[in-house]
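Notes follow the structure.
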Amino acid sequence: MKNYRNYISLAFICFLMTTLSSSDKKHLEKENLAEQYSLDNPLSPQYKVFHVNDTTTSIYYQFNFNDFKYIPNVDSSVFTTKYLLNYELMNDYSGKEIIDSASITFYDSDNYNKNNSSLGYFDIPAKYGKNYILRLMLKDLNSKKEVVKIIEIKKSDYLNRHNFYLMAMDGLPLMNNYVSRQTKYKIVYNQLKTKILYGVFFEGFFEAANPPTSNNPQKDIIKLKPDSSFTINLTNGKSEIIEFNRQGFYHFYKDSSKQDGFTIYVHTTAYPFVSTPMQMLMPLRYITTNSEFKKLFSSENKKKSVDDFWLQISSSSARARSMISIYYNRVQQANVLFSADREGWMTDRGMLYIVMGPPERVYKNTGLETWFYGTASKMQTISFNFVEVDNPFTENDFRLDRSTTYYNSWSSAMEVWRR
């Protein structure tokens, strides 16, 4: 399982940046992005977009040193890693024109076998009034492992989330969109003359995603009514100290007539980890019958009930232990990858990821992400289309295009867990 603990140290690393130019088309819609969801790829980079001004956007990055392979020198006294970050800025997924590109090569020998991370940023030329596509590729030059991520940069207005970030008390930006309770932060907003932000709080109880064959509509978060409202004072683009004490989500915005803004989530204890009996119980909704789940939910000793469930559907205790490890590793990874207006395991992509595993092929285009399972050469593939939802509270809301044609595939996946 990957390590997602929060790191507080900032490592300064020597790097070499080389500006590149290219006239080649990238055709991003044809690039397989499945490695970013793989459980076997140790690389787990995080990126955050922040518009500094009308012409410049900063891309913050965070890498865990333990993800990289360190190689010893001749007498094994020093271990060194070498990795590459490449970016390409484009107008759209067609990649007809590469506006800007560069490669950054990093070297490190100070953080071998240490739970530290590298946090830094670089600037790209992005003008207000339009949106962009940014392709980021991180490659471990020792292990040859690499992972590509596509980010849609929204710079058409001064209201959306890319104009904000949450700053920890040590001055560093928060890379996630979720926080722990009773931690203190400040909001940073690039409009320095703005004096007040409006805020609303939603308790936001959500249910797990419906099966791929279901035609029941998902609860529309946009229609939710806030449980409370407040204002935040800003001075030179920074807020007063804020402490998030309630589970749910907080939405901050400048224009009271529009919902566009910046959202922070407070999820269950130890999120994205699974650490309590209830956190183990709830994701079982995907592989239980209605009666089984109701029985589990109403049980007094939920830990014992969950253990008994796994033993009941397994042929042996050894298989039960193996399935528990696989299932909850996927739950935790889904929380990291697919956190949106709800915990990652509750989302449509989280559901597919947990039950069917990481997809073998992933393709993205404007407003669409498509997953493929199976071998194309043997004509045994199945695809799932996830359509991006215009959601003011998250940029990670992709809804599955459900169909009854998934019945056989979904039933087969259930049988794998319950045999």
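Some observations on this one:
- Most positive-pole-ward Cα, PHE63, THR194, TYR107, against dipole of the chain from beta carbon charges: PHE63
- Counting lysine pairs in segment 193-280 whose alpha carbons fall under 18 angstrom apart, excluding pairs fewer than 8 residues apart on the same chain, gives 8.
- Label-to-label distance for SER214 and SER275 is 2.9 nm, based on points extended 7 Å past Cα in the beta-carbon direction.
- Global geometry of segment 277-417, whether rounded, prolate or oblate, following the gyration tensor of its Cα atoms and the 1.5 cut on a/c: oblate
- When the trypsin sites (Lys or Arg not before Pro) in segment 177-269 are filtered for DSSP coil states and for at most 15 other beta-carbon atoms within 10 Å of their beta-carbon, the remaining sites are ARG181, LYS193, LYS195, LYS219, ARG246, LYS258.
- Each residue, SER229 and LYS184, gets one label point 7 Å from its Cα in the Cβ direction; the gap between the two is 2.9 nm.
- Shape class for segment 87-181, computed from the alpha carbon gyration tensor (a ≥ b ≥ c): oblate, with a/c not under 1.5 and a/b at or below b/c.
- GNM flexibility winner over the chain from ASP260, ASP75, ASP54 (Cα, springs under 10 Å): ASP75
- Net lengthening on full extension, GLU29/ARG419 (0.36 nm per residue, minus Cα-Cα): 136.6 nm
- Considering only alpha-carbon pairs that sit under 8 angstrom and 6 or more positions apart, the relative contact order computed for the chain is 14 percent.
- Straight-distance crosslink candidates among lysines, where the alpha carbon sits under 25 Å from LYS144 and sequence neighbours closer than 8 are dropped: LYS2, LYS25, LYS26, LYS30, LYS48, LYS69, LYS82, LYS114, LYS364
- Under DSSP loop assignment and at most 11 Cβ neighbours within 10 Å, longest GluC sites (Glu not before Pro)-free interval of the chain: 1-206
- Axial C-alpha extent at least 24 Å, average Kyte-Doolittle at least -1.0 - helices from the chain (DSSP): 317-338
- Shape of the chain, Cα gyration tensor, a/c cut at 1.5: rounded
- Candidates THR347, THR268, THR289: whichever shows maximal mean-square fluctuation once the chain is modelled as a Gaussian network with Cα springs under 10 Å: THR289
- In this Cβ point-charge picture (+1 for Lys and Arg, -1 for Asp and Glu), segment 277-417 has a dipole of about 520 debye about its Cα centre.
- Listed residues ASN116, ASN91, ASN290, most fluctuating in the chain (Gaussian network, C-alpha, under 10 Å): ASN290
- Top positive-direction residue, dipole computed over the chain with Cβ charges, set ILE242, ALA208, PHE398: ALA208
- Rounded Å value of the spacing that divides the Cα centres of segment 277-305 and segment 83-143: 42 Å
- Dipole magnitude for the chain: about 620 debye, using +1 per Lys or Arg Cβ and -1 per Asp or Glu Cβ, origin at the Cα centre.
- Helical runs assigned H by DSSP (4 residues or longer) give the chain a calculated mean residue ellipticity at 222 nm of -5000 deg cm²/dmol, each run adding -39500 (n - 2.57) before division by the residue total.
- When the charge dipole of segment 277-417 is built from unit charges on Cβ atoms (+1 for Lys and Arg, -1 for Asp and Glu) and taken about the Cα centre, the candidate among SER298, MET282, SER317 whose Cα reaches farthest toward its positive end is SER317.
Rule-based calculations on the coordinates, nothing more; no lab input. It should be emphasised that the depicted structure is a prediction, and the values quoted were computed from it without experimental measurement. When we count neighbours, we look across all protein chains shown, and the Cβ atoms used for this are built from the backbone with ideal geometry, even at glycine.
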